[in-house]
Amino acid sequence: MEYFIQFSKAFFIFNVVMGFMYILTWLERKQSALMQDRIGANRADILGFRLLGLFHPLADAIKLLTKEDFIPPGGNRLLHTLAPFVAMFFALISFAVIPFGGTYNLGGYEVSLQVLDLNVGLLFVFATMSMGIYGFVLAGWASNNNYALLGSVRAASQMISYEITMGATIIGVLMIYQTLNLQEMVVAQGEYFWGWIPKWGIFLQPLGFVLFSTAAMAETKRVPFDIPEGESEIIGYFVEYSGMKFGMFLATDFIETVLAAALITTLFLGGWQVPFLGAEGFFFSGELWMSLSSVTVMFLQVSAFLLKVSVLCFFMMLVRWTLPRFRWDHLMRLGWTIMLPLSILNILITGLFLLWRS
Amino acid sequence: MAIKQVERDLTFRERIYILEILKALRLTARHFFRNLFVHIAHRFGLLRRLRGGVTYQYPEERRPFSPRLRTLHRLTRRQDGSPRCVACMMCETVCPAHCIYIVGGEHPNPQIEKYPVRFDIDLGLCVFCGYCVEACPEDAIRMDTGKLEFSSYSREGMIHDLQELLSRSTTPPKR
């Protein structure tokens, strides 16, 4: 039974992430189209049903799978094949520690809706995100192409710059919640100021929220920060890739978008917490309360988590289709001379605040 | 080559950039939600006069052509249905792309000197300049069919012969 619960949790989160990835490839087209007063992809059909272009990702997958799998002459066969798998694996494995629901009593079993209950969950996410860069660097080195190498070098330096900002930002969060366990962090966000404002990270760490979101968006390597890919100049680390291996790099970008959204949700937007919803049901101040069964509460909280992630994904797409891309030196200047000092300032303010409180 | 550098004086509000980002996001989000609302209303058959996008859904929907637009060629006919062309070779001579090939034959009617035995236009070469229409003394060739799609899988398929050119009719331009 233990194994079954564990397996079904992993199965659920894997499929949710893959579903998000599928929807995001569709959303990217449709949302950008609506924002630019266009219609967007709507041609692919199955038996005449077009369904708002929802079959386009499917058609893409079929196209990518049937294309030639090209390995450049002089490239390293093994590493060239390994690179997209490394990138995707580390993007996916990070979801293991993201809590997508609380702890529930289901048929006599205490089920914590988190695949891997790690005490160092946050460090684990950061470790896997850093390991993910190896995929992009390998792709550049194994391609035997100067542009690919340039792209991977850019990827490495961008990731390092923004990971430092990210790390410095979460120190503020850690100081407040005093734990690295993501589940405990979300539980701590279920409390309230003056009985009605939820103690979400965004209210405790507004500056940290802005900095972390920016750095997380930079981690996804999408347009305002797409220096490693640079589709309009160098094609980047995947210039020598074709077929589904190229598709895997694209999918990794979308998975990282979902990961960034899930992390922001967990750290700053209260994770699976619904305001005023406890383990027993809704509880407003005083006499006003509503009793709910454990399964209903679980359903509500998991949907709240998914809703928050969806809204953040939408927001990140909005940013991606609104802002022009940064130039390389501007990106580095933003990272090192603006974001890093601000994140250190954030630590300082948080420390002073905690000192004043105690 | 001299490089022109434009110096912009940014105000403090523009310099911190984050408010400008929010303004940009508001603009794009407004377009998104307005178009989303219009598309949903269209599904229910409402607000038909508002357009959700500025693009044309090409095969189903065409932009209105200008009446002067030069489209696929056609050869006009006389009252009795025979081709109006007298094989004077004017169009073949004036054609800058050399895409017209005419073989003339003697017409049984002595009033009419010649008629085209063959009249081929190689659309793979044609540049749609319209000189043939200008040069024609008999108003025998026109470019007013309103057809723009004539792709083919072979080079031979791009050569349109006399019967094909005669069979086309004019499509009055929609306004």
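Counting only aspartates and glutamates at least 8 places from A:K9 when in the same chain, those with an alpha carbon closer than 17 Å to its own are A:E110, A:D117. Take each residue in A:33-42, count the other chain C-beta atoms within 10 Å of its C-beta, and the mean is 6. A simple packing score, the average count of other Cβ atoms within 10 Å per residue, orders the peptides A:18-25, A:134-141 as A:134-141, A:18-25, with the highest score first. Using the Cβ-Cβ distance between A:T66 and A:F14 with R0 set to 30 Å, the FRET efficiency works out to roughly 0.75. Please list, or write none, the lysines whose alpha carbon is within less than 23 Å of the alpha carbon of A:K67, excluding same-chain residues fewer than 8 places away. Excluding near neighbours in sequence, the set is A:K245.
Shape class of the protein assembly as shown from the Cα gyration tensor (axes a ≥ b ≥ c, square roots of the eigenvalues): prolate, since a/c reaches 1.5 or more and a/b is larger than b/c.
For the range B:8-54, the ratio of Cα radius of gyration to the globular rule of thumb 2.2 N^0.38 Å stands at 1.73. With a Förster radius of 35 Å applied to the beta-carbon distance between A:F85 and A:D45, the computed FRET efficiency rounds to 0.60. Starting from the Cα gyration tensor of the range A:15-121, take the square roots of the eigenvalues, sort them a ≥ b ≥ c, and report rounded, prolate or oblate (rounded when a/c is under 1.5, otherwise prolate if a/b is larger than b/c, else oblate). Taking the square roots of the gyration eigenvalues as a ≥ b ≥ c, the range A:15-121 is oblate. By the Kirkwood approach, averaging reciprocal distances over each pair of separate Cα atoms, the range B:1-115 gets a hydrodynamic radius of 22.2 Å. The order of the peptides A:185-193, A:88-96 by mean Cβ neighbours within 10 Å, most packed first, is A:88-96, A:185-193.
Could you tell me whether the range A:137-274 comes out rounded, prolate or oblate from its Cα gyration tensor? Rule is a ≥ b ≥ c as square roots of the eigenvalues, rounded for a/c under 1.5, then prolate if a/b exceeds b/c, otherwise oblate. Prolate shape, in that a/c is at least 1.5 and a/b is the bigger ratio.
Note on A:M1/A:W194: beta-carbon distance plugged into 1/(1 + (r/R0)^6) with R0 of 30 Å gives a FRET efficiency of 0.10. A dipole drawn for chain A from +1 and -1 charges on Cβ atoms has a positive end, and of A:T103, A:G243, A:M159 the residue lying farthest that way is A:G243.
Legend: Rg and Dmax of the range A:72-357, from Cα coordinates, 20.5, 74 Å.
By the equivalent-ellipsoid construction on the alpha carbon gyration tensor, the range A:70-165 comes out with semi-axes of 36, 16, 7 Å, ordered largest to smallest. Distance from the alpha carbon centroid of the range B:62-87 to that of the range A:172-233 works out to 67 angstrom.
Counting only other residues whose beta carbon sits under 14 Å from that of A:L138, what net charge do I get with K and R as +1, D and E as -1? Neighbour charge sum, excluding A:L138 itself: +1. Taking every alpha-carbon pair within the range A:132-173, the share separated by more than 13 Å comes to 54 percent. Mean-square fluctuations from a GNM of chain A, with a 10 angstrom spring cutoff on Cα atoms, peak among A:K199, A:K63, A:K221 at A:K63. Averaging Cα coordinates gives a centre for the range A:235-314 and one for the range A:80-109; these two points are 13 Å apart. Could you name the aspartates and glutamates whose alpha carbon sits less than 17 Å from that of A:K308, not counting residues in the same chain fewer than 8 places away? Leaving aside aspartates and glutamates fewer than 8 places away in the same chain, those within reach of A:K308 are A:E256. Here the peptides B:108-118, A:324-334 are ranked by packing, the mean other Cβ count within 10 Å, and the order with the highest first is A:324-334, B:108-118. Computed over the Cα atoms of the range B:74-167, the ratio of the radius of gyration to the Kirkwood radius (Rg/Rh) comes to 0.95. Counting, for every residue in B:24-33, the Cβ atoms of other protein chains within 10 Å of its Cβ and taking the mean gives 5.
Net charge of the neighbourhood of A:S232, taken over other residues with C-beta under 11 Å away and scored Lys/Arg +1, Asp/Glu -1, is -3.
Every number in this text was worked out from the coordinates using simple rules, so none of it is lab data. Bear in mind that the values here come from a model prediction, so they are computed numbers and not experimental data. Please note: Cβ atoms are built from the backbone with ideal geometry, for glycine as well, and neighbour counts cover all protein chains shown.
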